[in-house]
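Participant: Please see the structure below; I have some questions.
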Amino acid sequence: MVSASSVKSYDRYLQYFIFLQMIFLSLTVVVGVCFRWSGHSLVWYDEVAGIQLAWITYFGSAYASLKGLHIGMPTLIKVFPKDIRKILFVISKIIIFLFFLILTYYGTKVIIVLRGDTLVTLDWIPQSFVQAVIPASSILIIISEFFSYEEAYKQTMKD
Amino acid sequence: MLVLLLFSVLLFLLFINIPIAISIAVATIVAMVAKTGPQYLVNTALAMYNGAKSFPLIAIPLFILAGAIMNSSGISRRLIAFASALVGFIKGGLSMITIATSMFFAEISGSAVADASALGSILIPAMKEKGYSPEYAASVVSSASSLAIIIPPSIPMILYAVIAGCSVEQLFVAGFVPGFLGGFLMMAVSYIYAKRKNLPIEESFNLKNLKRTTKEAALAFTLPIIILGGIFGGFVTATEGAGLAVVAALVIAFIYKEFNLKQFFDATVEGGSQTATVMLLVASSMLLGEFLTVEQIPQKIALSLTTLTQNKYLILAILNIFLFIIGFFLHSAAAIILVVPVVMPLINSLGIDPVHFGIIVTLNLAIGQQTPPVASVLAVACSIAKTDMWAASKVNVIFVAVLIFILLLSTYVPIVPMSLVEYFYR
């Protein structure tokens, strides 16, 4: 079993990371507006802000998985008796794990293919670095799902 | 056949409580792999990445962040005090204050759930203390909070505009009249309710008090001017306006000296995770979108419906009923992502203005936020009021009726939402 303190630390690190990402995204947009108004638009602004949004999406998804915040339809499964719910719960977790394993594997393949490519506007940032968000966050989501399965199970079995 | 496979898998996954975003992605992958083979899987990782980096959608986390700062900085308290001085003397004063504050909040925040949580935590306990039933307190907070997605800025509007390929700014402008009309009608309904239930006034009208609270909240009033004035005046795009909203809210928060850093940190993280849940849906809808395009499903639906009737008002009635029904079961972001790409070819072929249809969709989503079992905003208000969602729904019918009236008015009298759009943009 995983200790409560490691889950807590994991939770905390994810929170710090999301917080910083949100602040950096705001700064990027504000700096972008200021430069545009001054007549010296930043060429990298759109591309970098888009990447930051993708990072918030996937690292935020890892946090949302840990807290069970993803949008679902939790009432539907309650129509089944508890024995069947147990089986369906296991199937649902296997499907989620498989999906993110596929994303990890093919996300890594994409990184390998993109080796040597850089961003269009900032040629010192490798594409493989920014796109690493898919395999990296997929692994984190799998970890989050693993850490939160007990609570998810309780919710599924609750009437 | 592939369509049947996709929707059967999707339904099964939703039934076993797999998050909607993952269900959409997995169902699409199954259908596409069945069609093209496992080589399709490489595309999955690329599409999921590209789907999450749409520039106009950056406005979503920024508006959420601006709302989070506002809620952590004493702005809410000042606005409530101002609304109390302005409308607290009317029978059922606290419900009037709730609706008036929500209308103001709506001009800064674009998320109804955030508003329900921020206002509800202050106003619901106050209402309960004054003898309002918890069901009514939850209903008035919940319905008034849904004005946040009708009055600009609005997160569902941003999402719709990106998916439908129409102007966010025009959609924002179109939300003004239906939003404020809805707010004033809710006030009228709550007045009648308060008269019947003999609910108390909050405070007697006092011009001195109104002046004082106006002065205290004056800085907060500049927020909508900066955000909406900037966007409508063409100085900034919706995304840049959202960035400015963050800065303006921060500046005001520091001036008010009530900034709670811990609350801000928590609200920002919550905003980040809210963004993530919506954006993961957007990313997975990229996969679904590719499938729909390949199979030409939207075009086929458009063709079969237009062979039945060419009457756009009848089609809008059908779509309204459809959107109303799915509002019972789907979260607003999921509803937009699943429905809008499918019906847009139909809307375009009938010559319906996508901005007009965007308002119709938004109003349906606002109603959907109030109708259980999936009623995101009502659920938040009920958890604060510690009451059952179904019991609150019985009371909430009066406010849902207002929203339905605004929906029908906006659908069949297009000038209601479109008058300001025509004036400013056409």
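Bear in mind these aren't lab numbers, they're just calculated from the coordinates by the rules spelled out. Here the structure is a predicted model, which is why all the values come from computation and not from measurement. So basically every Cβ, Gly included, is an ideal-geometry build from the backbone, and we count neighbours across all protein chains shown.
Participant: What do the square roots of 5 times the Cα gyration tensor eigenvalues come to for the stretch B:236-393, in whole Å, largest first, as semi-axes of the equivalent ellipsoid?
Facilitator: 35, 21, 15
Participant: What full-extension length gain, to one decimal in nm, is calculated for residue B:394 and residue B:262 as 0.36 nm per residue of separation minus the Cα-Cα distance?
Facilitator: 43.8 nm
Participant: Mind checking Rg over Rh on chain A, alpha carbons, Kirkwood formula for Rh?
Facilitator: 1.08
Participant: How large is the Kirkwood hydrodynamic radius of the stretch B:149-201, in angstrom, based on all distinct alpha carbon pairs?
Facilitator: 12.7
Participant: Straight-line reach from residue B:35: which lysines have Cα under 25 Å away, leaving out those fewer than 8 places along the same chain?
Facilitator: Candidates past the 8-residue exclusion: A:109, B:300.
Participant: For chain B, what is the calculated [θ] at 222 nm in deg cm²/dmol (nearest 500), taking -39500 (n - 2.57) for each run of four or more DSSP H residues and dividing by its residue count?
Facilitator: So the calculated ellipticity at 222 nm is -26500 deg cm²/dmol.
Participant: Can you give the angle from 0 to 90° between the axis of helix A:4-37 and the longest principal axis of chain A, with both taken from C-alpha atoms, to the nearest 10?
Facilitator: Taking Cα atoms only, the helix is inclined about 30 degrees.
Participant: Sticking with this structure for a sec: Using R₀ = 60 Å, calculate the FRET efficiency as 1/(1 + (r/R₀)^6) where r is the Cβ-Cβ separation of residue B:424 and residue A:155; round to 0.05.
Facilitator: That pair, residue B:424 with residue A:155, gives E of 0.80.
Participant: Using a Cα-Cα cut-off of under 17 Å, which aspartates and glutamates could be cross-linked to residue B:262, ignoring same-chain neighbours fewer than 8 residues away?
Facilitator: The qualifying aspartates and glutamates are A:11, B:270.
Participant: Where does each of A:88-97, B:69-78 land if you order them by average Cβ count within 10 Å, highest first?
Facilitator: Going from most to least packed, we get B:69-78, A:88-97.
Participant: Also, I was wondering about something else. For the protein assembly as shown, build the charge dipole from Cβ charges (+1 Lys, Arg; -1 Asp, Glu) around the Cα centre, then report which of A:138, B:232, A:5 sits farthest towards its positive end.
Facilitator: Working it through, the farthest residue towards the positive pole turns out to be A:5.
Participant: Now for a separate question. Nearest 0.05, what FRET efficiency do residue B:306 and residue B:413 give at R0 = 35 Å with Cβ-Cβ as r?
Facilitator: 0.90
Participant: Take the alpha carbon atoms of the stretch B:1-53, find their center, do the same for the stretch A:41-118, and report the distance between the two centers in whole angstrom.
Facilitator: Taking the Cα centre of each part, the stretch B:1-53 and the stretch A:41-118 sit 13 Å apart.
Participant: To the nearest 0.05, how large is the calculated FRET efficiency for residue B:219 and residue A:80 if R₀ is 56 Å and r is the Cβ-Cβ distance?
Facilitator: Working from the Cβ atoms, E equals 0.55.
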